[in-house]
Structures are given as structure tokens and as C-alpha cells.
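The structure appears right after this line, and notes come after that.
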Amino acid sequence: MKWLSNTLNQSAAHPARTLTLLFVLCLAVFLAMLPVPRADGMLIGSDGIGYYMYVRSLVIDGDLDFANEYARLWPEVDVATRRTPTGRVGNQYALGSGLLWSPFFLTAHAVILGLRRVGVAVEADGYGALYQAAVCLGSLVYGALGMGLVHATAARFRPRTALAASVLIWFGTNLVYYLVVEPSMSHACSLFATAWLVYAWVRARPGFRVRDCLLIGLTGGLAGVVRQPDATLLALPLLDIALRRGAARIQLTRVTAVCAGFLVGFAPQMATWWVLNGGPLRSGYLLDPGQGFSWLTPRLTEVLFSTEHGLFLWHPVLLFALAGFAFWGRSDRRVATLAVAGILLQAYLIASWSSWSQGDAFGGRMFIGALPLFALGLAALLDWALDTRVARVAWALGVGLIAWNALFVVQYRLGFISMSGPYTLGQLTLGKLEMLTELWRRVAQRMAR
């Protein structure tokens, strides 16, 4: 294990280099998969179509009328059922991913316009493969930047293990799947926004200058524009400020600055709701009578432990991360307490939602926005392991959890288990061995030909 220890020490000394290499690895895998698009022939899909329609409609058409996008990208949807109180064809998905993708989409559009000028026959309509690949690349970039922020936050408390914790979060959870396999979903952008929010909060402590509070609010607004439930994480810095001793006037100024920043950051989503749904707080989800929250009967056990995308069953590394907060030690315990509270708040929201099982999902995809908080607990656990005699066990277990997750990705993506479930415990455990046996059989048959 000495070589592993040396490798880890060298990597920890150059975290930016290591994280960049991991991004390049993910990028290479994504590019290698480009010739193998989805069954419908597109690179974007599922909920990603809803997010993509924003950037396509705003850049190419200059409007928020999605009738033509539905006809081209989602023809099986009856647009008559999507009419909103304003008479428009609605879009319940959040605006934020489309906004974050816009530089990549605009770059693809400029390249295509340049190709057309030199005689290349390619449509500049915002639908083609280059446009779709550009926004997927954008998700990869934002995901990598988010992991850089996750590392920077963890390093403020656990510099020895921040990188190892970041790598485990990256490759031991469903994040890698939504970076490489389905980057058109909102989850990579969600990670970036919440990682920036958590970093801005931790970096502002303990002084909480007004300008820092404004930035916290802005990042909270961005998180909400990408995925509305992620905005609830803004409660953590607000509680942190409220629990501090100080003059009431100063505290009120800080809270006001956070709230003002949030309103500015969240304003694009409110403006979009106003145009589409007739009010700044009228989310498209709330217009659907089939969706809503059951606040008094949350499905917490199922969301966390069931075979139906249960968070800790699919991603056991996160259970270790949660346990790691018990080893927080002499660092700022308030951060640890608030981080756990933030994770529990996310779990409660998801468990109360009518679609708590999360539909087609590689594990608990709605928890990706909480991964920056889990990383803090995981770094604390690894730091404790370094100071005890279980360090080698911890490293070996970490490698095993990454391998387990990799097998899960293959099992899920190649159809050995369905994308939406239901699943049996055997499928999720012994099913991986059955998959390897079947893959080996297929390879042997091809080699025998």
C-alpha cells in the first residue's frame, strides 16, 4: 500500500492538476460515446429536452414559445395539454441550465454559421448534433468546476483528505453518470451552483461582510434557477448568520444582503414564470394537478434505503459520508451541524414529493445538489482514518466503492436493469456478477467467430 500512499500524497499536493486530469478522462469517455447516440438519435433526452428548449428558443427564436421545440424534439407530447393560463405552451423545467449552457450553444451556433459561409451544408436551426454536443460539453465543464469548488470547500477544514473525498464523490456516486452518460440533465449544473453556494458561505465565515452576503444570496439564486429545491440550501448560511452574536442592526443588514442577492439571482426564473404562467411565483410544476408535496407523509425510508433508487443502497459511499460528521472533531461544529441539517432538509423535500422515486434515474439523482455537503463529512471520515490504523482499509474500501459504482453504471446503461424500476435486491447486488458473466460470454462468442 506504500505506492498508493505516495500517489495520494503527490496528488494532494497538486489538486488542480489531478482534478483536471479527471475532467479530461470524463471528456474522453464522453467524446468516445458520441458516435453512439440515444435510441431516438439525439444526444439530449428525457428531462434534458425541457432544459434544452430554453436555450434553443431564446437564442434562435428570441422568445419563450416552445410549440416548435416540442414538435421537433418531443413530438409525442400533446402540446394542447401543456397550455398555461397565459395561453402559451408551457415548460415546467427550470431555466438555469439553459442559461448556463448559452455560451456553449452560442459558440456552436457561431461555428455552424462559419461553416455555412464556406459552403458546408449544415442547418443553423439549433437542433443539430453540434448544438446538442455543445450543451453536453457545457455540463461536463460546469461539473468539473463544481468539483473544484467542492475540493476548495473541503480543504478549508480537511486539507489532507479533501482531494480523496472529492474523487470519491465524483466517481463513487451518480455524479459521474450525469456528467458522462446523461449530461443534458440539470444535475451537473446543479452541482456547480450548490458547490458555489456552499463555498461562498464557508469562505464568508466568520466575518460575513455585506458583499460576501450578497454573493451568498446570488449563488443561492443561481442554485434556485437551476433547480428550485436547491435554493433551500440558502437556509444554511442564513441560520449561521442568525445564530451569531452581534448587534441586531448588523445581523439584519447581513440577512437583508443575502435576501437581496437571492432576489437578483432568482429574478430570471420569476420573470420566466410570469411570462409563461402568469405570475412570478407560479411554477409549472404546481400547475400540474398530478404533482405536489405530501408534507405529513414523507417517504423517507424508501428515498434513502429502498431498491427504488434509494440513496444509500445505490451509493453507499454517501452513508459513510453522513457518518463522517460524527468525526468532525475540533473543527467548526456548527458547519457540520448545518451541513447535516441541509442533507436532511433535501431528503425531506424529496421524500415529500409525489415523484419521490425520481422516475428514470441512476440512483438518487435529486440529491446531487447536496453532494458538496456530503463531501465535508467524507473528508472528516478519511481524516479520522489517517489518524488511526484503518487508513489502508479506508483506501481499499474507497476503491471498491468506485468499482461498485462503475459496475452499476454499466449494468444500468446496458439494460441489465431497467431505468425506472422496480428492482429486486438481487438485481442490484448479485446482478452485477451475472452481468459480468453475460458480458464475458458475449465476448467469448465474438472471439470464437
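What the table shows:
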quantity	calculated
Checking ARG82 against (1) in contact (Cβ under 8 Å) with a residue 40 or more places away in the chain; (2) touching a strand residue (DSSP E or B) at 6+ places or on another chain (Cβ under 8 Å), the condition it does not meet	(1)
Single match in ALA110, ALA188 (criterion: out of contact with any strand residue (DSSP E or B) (no Cβ under 6 Å at 6 or more places or on another chain) and either part of a loop (DSSP other than H, G, I, E, B) or under 26 Å from PHE312 (Cβ atoms) (or both))	ALA188
Near pairs, Cβ below 7 angstrom, 6+ apart or cross-chain, from the stretch 380-395 (under 14 Å from PHE327 (Cα atoms)) to any residue that is in a helix (DSSP H, G or I) and among the aromatic types (Phe, Trp, Tyr)	ALA380/PHE325; ALA380/PHE327; LEU381/PHE320; LEU381/PHE327; TRP384/PHE327
The stretch 355-379 residues that are closer than 18 Å to GLN228 by Cα, paired with ones that are among the charged types (D, E, K, R) and crowded, with 24+ Cβ neighbours inside 10 Å (beta carbon under 6 Å, 6 or more apart)	GLN358/ARG365; GLY369/ASP230
Unique residue being loosely packed, with under 15 Cβ neighbours inside 10 Å and in contact with a helix residue (DSSP H, G or I) (Cβ under 8 Å, 6 or more places away or on another chain) when the list is GLY284, GLY292	GLY292
When residues of the stretch 299-354 are limited to those that are closer than 24 Å to ALA164 by Cα and among the polar types (S, T, N, Q), the one surrounded by the most Cβ atoms within 10 Å (Cβ to Cβ)	THR337
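Residue by residue, here is whether (1) more than 24 Å from ALA71 (Cβ to Cβ); (2) in contact with a strand residue (DSSP E or B) (Cβ under 8 Å, 6 or more places away or on another chain); (3) β-branched (Val, Ile, Thr) holds:
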site: SER97; (1), (2), (3): no, no, no
site: TRP101; (1), (2), (3): no, no, no
site: VAL118; (1), (2), (3): yes, no, yes
site: LEU130; (1), (2), (3): no, no, no
site: TYR142; (1), (2), (3): yes, no, no
site: VAL167; (1), (2), (3): yes, no, yes
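To keep it simple, each residue is scored yes or no on (1) in contact (Cβ under 8 Å) with a residue 60 or more places away in the chain; (2) hydrophobic (A, V, I, L, M, F, W, C).
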position: PRO229; (1), (2): yes, no
position: LEU238; (1), (2): no, yes
position: LEU243; (1), (2): yes, yes
position: GLY265; (1), (2): no, no
position: GLY278; (1), (2): yes, no
position: ASP288; (1), (2): yes, no
position: GLY292; (1), (2): yes, no
position: LEU296; (1), (2): no, yes
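For (1) free of Cβ contacts under 8 Å to residues at least 40 places away in the same chain; (2) surrounded by 13 or more Cβ atoms within 10 Å (Cβ to Cβ); (3) out of contact with any helix residue (DSSP H, G or I) (no Cβ under 9 Å at 6 or more places or on another chain); (4) among the acidic types (Asp, Glu), each residue gets a yes or a no:
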{"residue": "GLY400", "(1), (2), (3), (4)": "yes, yes, yes, no"}
{"residue": "TRP404", "(1), (2), (3), (4)": "no, yes, no, no"}
{"residue": "LEU407", "(1), (2), (3), (4)": "yes, yes, no, no"}
{"residue": "PHE416", "(1), (2), (3), (4)": "yes, yes, no, no"}
{"residue": "LEU425", "(1), (2), (3), (4)": "no, no, no, no"}
{"residue": "GLY431", "(1), (2), (3), (4)": "yes, yes, no, no"}
{"residue": "TRP440", "(1), (2), (3), (4)": "yes, no, yes, no"}
{"residue": "ARG446", "(1), (2), (3), (4)": "yes, no, yes, no"}
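Only the coordinates and a few stated rules stand behind these numbers; no lab work does. Bear in mind the structure is a predicted one, so any value in this text is a computation, not a measurement. Glycine gets a Cβ as well: all are built from the backbone with ideal geometry, and neighbour counts include every protein chain shown.
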